[in-house]
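Everything on this sheet refers to the single structure shown next.
The values are calculated or read from the model by the stated rules, or taken from the named source; none is laboratory data. Remember, predicted model here, so these are calculated numbers, not experimental data. When we count neighbours, we look across all protein chains shown, and the Cβ atoms used for this are built from the backbone with ideal geometry, even at glycine.
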Amino acid sequence: MQRIKNKLSTRLMNVCVASLCKAKQLEKAEGVIVDGIGIGLQPDVVTYNTLIAAYCRFVGIDVGYSIIHRMKNAGINPDIITYNSLIAGAARYCLLSKCPDLFDEMFEMSILLDIWSYNTLMNCFFKLGKPDEGYRVFQDILLRDVSVHSATFNILINGRGKDARRFLNELVESGHIPNAITCTTVMKCCFRYRQFEEGFKIFAEMRSKGYTYDAFAYCTVASLLLKTGRITEANEYLGYIITSGFSLNIVSFNTIFNLYCKEGQLDNAYQLLYEAEKGGLESDKYTHAILIDGLCRIGNLQEAQQQLNRMSETGFDSNLVAWNSFINGLCKAGHLDYATQIFESMDVKDSVTYSTIVRGLYKARRFRAASKLLLSCIRGGMKILKSDKRIVIDGLRSCGLTHEARKVQSKIRLAKLLHY
DNA sequence: CTAGGGTTAG
């Protein structure tokens, strides 16, 4: 009788630990376990797995891994879920090199990789832009005759991108019934590849099937509408998201926030931010980037700069999109030198950073500087837009620097030969 | 107790 009681209480403790972990309250979760042990409860594999998953998600894989020692000392062996959480952590923090050691350990304990492990790995490879490795994982799934899960298909759809719609048809033809996640995935892929009609068709189908029971599809569609200048329709869907009673998280909130910022309604944006924070939502890197871009758009560069500072203080110091937005704002306002100064102080830049400055320099008719930058971008192995190449060459020509223009052109060609 | 969908910049 006492043992049954304790088991029940362990389950209760686990529910408590899980909800604290979900809220990132890891110290409190640990406290609950300590208290539980204090009153004679025995943490089980679920208790430890919950904790390991949370550490791997919020802190890092090493801390997660250290719990394994604790559970072994308590006489509990890690299982496939333990290792899947560690694999997910390795994938999340780009530490796939740690996986072979994990696999070895699993092998020693006779724990086999399951579909969750494979899905995690496959998804990670696609996200890292290594589709071949992703497909190799899928081959492994088929070879080892592991039963697939609907998530497997969704990961594959994301990996295929451009052919997502066709892939969905094939799935349906082979008897698979796509769920809401599959549909949203395909719709997003359609939009990404400018297959707008196909995308909206999927959205209509989702609504008729009752697949729009949460804000996911609406956010996708509203953002697309905003991006393509269909503001009224975007507003309609966002209005619906607000009034429908969906529980709004930071992502749906960011979508609405973005509409206000793009529309220059910064007062509304700040009001929304205030209410979201009052409701316990934490701003993320998207919130910051959207706000900084919005401030730049209305020309309030000072406030944008301050917001960047606040952002860095709250731990989002490497938010490249926000910095790119700010550089763009500076260029638009004609502060080329300050923009260049910031550009040079940045440790991490991407092709958007370069492109923004190149375009800024072009508009300021500083063609030599623009071409110099374009070439250093190419040397860094980054993709450049055809239009950027065009404007630099045209710019040089337009002020009689035909020799330079030709030189830049041949250097670009040479770089292409070397890189591809 | 683990994996898959929505939000940002040129």
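The number of residues in segment A:333-362 that are assigned to a helix (DSSP H, G or I) and surrounded by 15 or more Cβ atoms within 10 Å (Cβ to Cβ) comes to 18. Those residues that are surrounded by 19 or more Cβ atoms within 10 Å (Cβ to Cβ) and closer than 16 Å to A:I241 by Cα, I need them from segment A:274-293; list them, please. Across segment A:274-293, the qualifying residue is only A:A276. Of all residue pairs spaced 6 or more apart or on separate chains, those with beta-carbon atoms under 7 Å, a first member in segment A:288-312 that is in a helix (DSSP H, G or I) and a second member that is of a type in the set (D, E) are A:L295/A:E303. Return a yes/no flag: does segment A:286-299 have any residue that is farther than 29 Å from A:T232 by Cβ, modelled with pLDDT of 95 or more and among the basic types (K, R). No: segment A:286-299 contains no residue that is farther than 29 Å from A:T232 by Cβ, modelled with pLDDT of 95 or more and among the basic types (K, R). Tally up the residues in segment A:204-262 that are part of a helix (DSSP H, G or I), among the small types (G, A, S) and farther than 21 Å from A:T287 by Cβ, please. Residues meeting the conditions: 3. Just one residue in the set A:L330, A:L414 is out of contact with any Phe, Trp or Tyr (no Cβ under 9 Å at 6 or more places or on another chain) and in a helix (DSSP H, G or I); that residue is A:L414. Scanning segment A:313-327 for residues that are outside any helix (DSSP H, G or I) and touching a Lys or Arg at 6+ places or on another chain (Cβ under 8 Å), we see that the one that is modelled with the highest pLDDT is A:N319. Criterion applied to A:L295, A:L320, A:L336 was being within 27 Å of the chain's Cα centre (by Cα), more than 30 Å from A:L418 (Cβ to Cβ) and not polar (S, T, N, Q), and the one residue passing it is A:L295. For segment A:339-393, residues that are more than 28 Å from A:D317 (Cβ to Cβ), within 12 Å of DNA strand B (Cβ to nearest atom) and charged (D, E, K, R) total 3.
Mind checking whether some residue in segment A:143-166 is away from DNA strand B (no atom under 13 Å from the Cβ), in a helix (DSSP H, G or I), more than 23 Å from the chain's Cα centre (by Cα) and under 29 Å from A:Y93 (Cβ atoms)? Yes, segment A:143-166 has at least one match.
Within segment A:223-238, being buried (at least 21 other Cβ atoms within 10 Å of the Cβ) and near DNA strand B (Cβ under 8 Å from one of its atoms) holds for one residue alone: A:L224. Scanning segment A:263-278 for residues that are in contact (Cβ under 8 Å) with a residue 12 or more places away in the chain and in a loop (DSSP other than H, G, I, E, B), we see that the one that is nearest to A:A339 (Cα to Cα) is A:G264.
Residues are listed down the side, and each one gets a yes or a no for (1) assigned to a helix (DSSP H, G or I); (2) more than 16 Å from A:D140 (Cα to Cα); (3) touching a residue at least 24 places away in the same chain (Cβ under 8 Å):
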position	(1), (2), (3)
A:N77	no, yes, yes
A:A88	yes, yes, yes
A:D101	yes, yes, no
A:D104	yes, yes, no
A:F107	yes, yes, no
A:I111	no, yes, yes
A:Y118	yes, no, yes
A:L121	yes, no, yes
A:F126	yes, no, yes
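Do you know which of the residues in segment A:110-141 that are over 27 Å from A:M187 (Cβ atoms) and either within 12 Å of DNA strand B (Cβ to nearest atom) or aliphatic (A, V, I, L, M) (or both) is surrounded by the most Cβ atoms within 10 Å (Cβ to Cβ)? It comes out as A:S117.
Inspection of segment A:278-293 finds a residue satisfying the criterion of being more than 15 Å from DNA strand B (Cβ to nearest atom) and among the charged types (D, E, K, R). Checked against (1) more than 21 Å from A:Y135 (Cβ to Cβ); (2) surrounded by fewer than 20 Cβ atoms within 10 Å (Cβ to Cβ); (3) of a type in the set (G, A, S); (4) more than 8 Å from DNA strand B (Cβ to nearest atom), A:A180 passes all but a single condition, namely (4).
Regarding segment A:40-57, can at least one residue be identified that is assigned to a helix (DSSP H, G or I) and surrounded by fewer than 14 Cβ atoms within 10 Å (Cβ to Cβ)? Within segment A:40-57, not a single residue is assigned to a helix (DSSP H, G or I) and surrounded by fewer than 14 Cβ atoms within 10 Å (Cβ to Cβ).
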